[in-house]
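Worksheet: the structure to be examined is printed underneath.
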Amino acid sequence: MTATDNRYSRQIVFWGLGEEGQQRLAESSVLVAGLGALGGTLAQLMVRSGVGRVRVVDHDRVSLDNLHRQLLYDEGDAEQAALKAETGGRSLKAMNRLVKIDAVTDRLSGDNILDYMADVDLVLDGLDNFPARVQINTAAVRLQKPWIYTGVLGSGGNVMVIRPGQTPCLRCVFPDVSPDDSLPGTETVGILGPVSAFAASFSANEALKYLSGSPDKCLTGMVRFDLWQNDFEVVPVKRNLKDCICSPSREAV
Ligand SMILES: [Zn+2]
């Protein structure tokens with residue numbers, strides 16, 4: 001950052017961040033898994049906030065039915081069926097030249113997720129299905145890597161900060177959902193643009209707390225909301241120390 005580059009001045013003046021918090025952000029790195037509605041907004045907020053290194057991974061292409069909620073893309077991207085990591089990565093680079101963007105076209109899987117997660121400080125969930133989240137959770141427990149779960153459907157969603165070893169993991173909270181279960185998705189239930197943006201913003205704010213040196217400010221419990229029904233609650237969550245993969249007495253599987 002140069003002396004004349006004041007792009008972060010409104011963040012730095014905020015009491016919770018300051019120069020020190022901004023510096024910590026610049027020294028931090030995140031993986032944004034998926035670059036759709038959640039991931040595109042998460043990635044933009046990380047890049048604009050000055051997180052030093054942002055890796056985005058997505059295998060998909062932009063389509064017209066993405067545009068009502070996927071704020072990183074436009075009609076030209078949909079007409080060309082552009083790869084999200086490619087065109088999104090270009091946009092992210094244009095937002096902030098101080099951030100190192102690592103944009104990768106790949107399908108996240110149990111085989112490669114550890115590699116993408118190993119060298120970052122925090123993992124952000126921009127995924128659209130539960131099995132992929134379970135893979136992140138398993139890898140996070142194995143690596144003892146914090147991640148933020150963000151799920152949306154219809155007009156509602158959940159957000160939870162997961163710090164393996166300290167907080168419940170995803171499997172502590174959803175022990176009965178099989179990783180292979182085909183749960184209803186946005187194709188049948190739908191999804192509203194503001195709901196994705198709201199959930200991603202909520203998660204991005206948790207990420208800023210964690211990365212800037214205020215992890216004690218992070219949410220405990222799981223936020224559950226429905227923006228159509230005007231329901232907001234923080235659900236208490238507990239570690240399943242006996243049966244979960246995150247139990248110290250069990251090997252991560
Ligand atoms: Zn657990």
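So here's what we get for this one:
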quantity	calculated
Label-point separation, ASN205 to SER249 (7 Å along Cα→Cβ), nm	3.9
Cα-based shape type of the range 1-94, given that a ≥ b ≥ c are square roots of the gyration tensor eigenvalues and the cut on a/c is 1.5	prolate
At 0.890 mPa s and 25 °C, Stokes D of the range 87-130 from Kirkwood alpha-carbon radius, µm² per second	198
Cα centre as origin, Lys/Arg/Asp/Glu Cβ charges: the range 9-235 dipole, Debye	720
Highest-fluctuation residue, ALA43, ALA207, ALA26 considered, GNM on the chain with Cα pairs under 10 Å	ALA26
Relative contact order (percent, whole number), the range 9-235, Cα cutoff 8 Å, 6+ residue spacing	21
Residue with peak Gaussian network fluctuation, the chain [Cα springs, cutoff 10 Å], from GLN23, GLN44, GLN166	GLN166
Relative contact order %, the range 1-84, counting alpha carbon pairs below 8 Å whose residues are six or more apart	26
Positive-end residue, the range 9-235 charge dipole about Cα centroid, Cβ charges, pick of LEU108, ALA81, ILE162	ILE162
Normalised contact order of the range 139-189, rounded percent, pairs of Cα under 8 Å and 6 or more residues apart	30
Centre separation in Å (Cα based) which lies between the range 99-119 and the range 6-63	16
Separation of the THR188 and ASP102 label points, Cα + 7 Å toward Cβ, nm	3.8
Sorted peptide list for 151-162, 76-87, criterion being average Cβ within 10 angstrom, highest first	151-162, 76-87
Where N is the number of residues in the chain, Cα Rg divided by 2.2 N^0.38 Å	0.98
Total charge dipole magnitude, the range 1-120, about the Cα centre, Cβ charges on Lys, Arg, Asp, Glu only, Debye to nearest 20	380
Beta bridge orientation in the range 9-235: antiparallel %, DSSP, nearest 5	50
For the range 20-165, convex hull volume per residue from C-alpha positions, Å³	106
Selection from LEU45, LEU25, SER9, by position along the positive dipole direction of the range 1-48 (Cβ)	LEU45
Proximal lysine pairs, the chain, alpha carbons under 27 Å, eight or more residues apart or interchain	15
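Where a number appears in this text, it was derived from the coordinates with a stated rule and is not lab data. Note that the coordinates shown come from a computational prediction; the quantities given were computed from them, not determined experimentally. Glycine also receives a Cβ, built like all others from the backbone with ideal geometry; neighbour counts cover every protein chain displayed.
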